[in-house]
1. State yes or no: is Leu134 within 19 Å of Pro14 (Cβ to Cβ), in contact with a Pro (Cβ under 8 Å, 6 or more places away or on another chain) and surrounded by fewer than 17 Cβ atoms within 10 Å (Cβ to Cβ)?
2. Looking at segment 59-77, is at least one residue within 28 Å of Arg133 (Cα to Cα), out of contact with any strand residue (DSSP E or B) (no Cβ under 8 Å at 6 or more places or on another chain) and charged (D, E, K, R)?
3. Using the structure shown, decide if Ile122 is more than 18 Å from Ala37 (Cα to Cα), in contact with a Gly (Cβ under 6 Å, 6 or more places away or on another chain) and among the β-branched types (Val, Ile, Thr).
4. Considering only residues of segment 138-174 that are loosely packed, with under 15 Cβ neighbours inside 10 Å and charged (D, E, K, R), which is farthest from Pro53 (Cα to Cα)?
5. Residues Asp5, Asp54: which one is of a type outside the set (A, V, I, L, M) and free of Cβ contacts under 8 Å to residues at least 12 places away in the same chain?
6. What's the number of the condition Glu131 fails, among (1) assigned to a loop (DSSP other than H, G, I, E, B); (2) under 17 Å from the mean Cα position of the chain (by Cα); (3) farther than 22 Å from Leu4 by Cβ; (4) not hydroxyl-bearing (Ser, Thr, Tyr)?
Amino acid sequence: MQLLDRRFDVSVRPVSGARLAPEAQRSVEQFLFREAALLDDRELDAWLELWDPDGRYWVPRFAGQSEPFTQISLYWEDRILRETRVRRLANPRNWSQQPPTRCSHLVGNVAVQGLDSDGHLIVRSALVYTEWRLEQRQFAATVHHKLAARDDGTWSMRLKRVDLVSCDAVLGSLELFI
């Protein structure tokens with residue numbers, strides 16, 4: 001699937017409800033917490049394994065942005081771009097990571113919203129993201145994940161949409177995954 005394939009469903013508005021048993025709800029929460037821990041610990045290869053092969057990572061540039069195809073985004077990445085970013089971040093000769101950026105993701109208010117038209121689970125959460133590289137910055141966001149159930153009972157990310165509260169500010173360089 002190509003990055004600019006407009007058939008990719010970026011909507012995070014559910015088309016039907018989803019009722020999860022308490023243990024399934026807990027597995028969704030644990031998935032989001034594990035994703036945050038992998039990012040915080042810079043275990044980026046393990047983080048890449050959480051993705052659906054056709055998954056997209058999206059950070060809109062504008063509040064209420066409905067799609068990434070006709071407007072600029074802060075991030076709009078497919079598998080190839082995510083892997084490229086991981087390789088760049090891991091390269092010891094990457095001058096923009098001297099010293100390396102450190103970060104902390106605080107995930108809360110996890111709520112299952114429903115299902116999209118393809119049956120992917122839409123989950124909304126709140127995020128407080130702190131990073132340090134020469135100075136500390138903090139961001140707040142609403143995050144929507146579209147999760148696909150794997151055959152082994154785990155989840156994979158079909159879409160991760162991060163709506164920064166300060167999306168229209170001058171943000172400086174964003175290098176890590178939020």
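We did not get these values from a lab; they are worked out from the coordinates using the rules stated. Quick caveat: nothing in here was measured; it's all calculated off a predicted structure. Here the Cβ positions follow ideal geometry from the backbone for every residue, glycine too, while neighbour counts run over all protein chains shown.
1. No; evaluated as a whole, the condition is false for this residue.
2. no
3. yes
4. Checking each candidate, the answer is Asp168.
5. Asp5
6. Every listed condition holds for Glu131 apart from (1).
Residue by residue, here is whether (1) in contact (Cβ under 8 Å) with a residue 60 or more places away in the chain; (2) within 11 Å of the chain's Cα centre (by Cα); (3) within 21 Å of Val12 (Cα to Cα) holds:
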| position | (1), (2), (3) |
| --- | --- |
| Asp78 | yes, no, yes |
| Gln97 | yes, no, no |
| Gly108 | no, no, yes |
| Ser156 | yes, no, yes |
